[in-house]
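Each remark here refers to the structure printed beneath this line.
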């Protein structure tokens, strides 16, 4: 069970001290635009922040005197949280997924396992390839080495060796990571597909619809005869 450590500076959380929570008698103040205001008594620094409708925030409590900045602390916290959320969305979580084989794996099973490894690598994950020995198979470790070497050859275009084959008890294993060139090619294809998206709506070979022609003007009425009807 994780234990939450309380902030020894007071306040019971990791937020910076603000306004009346600042204990120092004088502070080195920084304005909202980063301008240096010099060393001010705490009451004067608080008054400057209040005049601007902002907060006085202790940004460097260990300095002598502490450094405080005048800012909109609520807006600052909101923007920081927004940045963290955006960073989490862009973060790629790499997982290590395991595929197990035997020294004498059937060809069909081998093809299925290799397909899975390709899928793991295409998702930017790593793959641990494990060959398990049973009974007398331990005396034929070269069979496991052949299996792993075959996998290396079959996946050389999409994988790189992160951990070379080695024995651990009755298992021989290695770890493969995605080939950076393969991942870059995937990103390039996705980018090209996204750019071609708007143009993909038209069917290939389909001619554009002709522009509508303006309607002909109405026929002019005949001019009246000044001599009247004959």
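The residues in segment 164-174 that are on the phi < 0 side of the Ramachandran plot and free of Cβ contacts under 8 Å to residues at least 24 places away in the same chain can be counted, and the count is 4.
Yes or no, residue by residue, for (1) farther than 16 Å from residue 76 by Cβ; (2) surrounded by 13 or more Cβ atoms within 10 Å (Cβ to Cβ):
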residue: 45; (1), (2): yes, yes
residue: 49; (1), (2): no, yes
residue: 56; (1), (2): no, yes
residue: 59; (1), (2): no, yes
residue: 62; (1), (2): yes, no
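Among the candidates 146, 100, single out the residue that is outside the structural domain of residue 43 (by TED's automatic domain parsing), assigned to a strand (DSSP E or B) and either exposed (fewer than 15 other Cβ atoms within 10 Å of the Cβ) or at pLDDT 95 or above (or both). Quick ask: steps written out before the conclusion?
Working: 146 fails: assigned to a strand (DSSP E or B).
Step by step, each of 146, 100 is checked, and only 100 is outside the structural domain of residue 43 (by TED's automatic domain parsing), assigned to a strand (DSSP E or B) and either exposed (fewer than 15 other Cβ atoms within 10 Å of the Cβ) or at pLDDT 95 or above (or both).
Can you find even one residue in segment 75-82 that is under 30 Å from residue 44 (Cβ atoms), part of a loop (DSSP other than H, G, I, E, B) and assigned by TED's automatic domain parsing to the domain that holds residue 44? Within segment 75-82 (the criterion being under 30 Å from residue 44 (Cβ atoms), part of a loop (DSSP other than H, G, I, E, B) and assigned by TED's automatic domain parsing to the domain that holds residue 44), the answer is no, since none of the residues qualifies.
Taken across segment 197-217, residues that are modelled with pLDDT under 90 and in contact with a helix residue (DSSP H, G or I) (Cβ under 9 Å, 6 or more places away or on another chain) do occur, with at least one present. Note on segment 81-108: residues that are free of Cβ contacts under 8 Å to residues at least 40 places away in the same chain and within 21 Å of residue 156 (Cβ to Cβ) total 5.
The values are calculated or read from the model by the stated rules, or taken from the named source; none is laboratory data. The structure displayed is predicted, hence computed values, not measured ones. With ideal geometry, Cβ positions are generated from the backbone for all residues, glycine too; neighbour counts draw on all protein chains shown.
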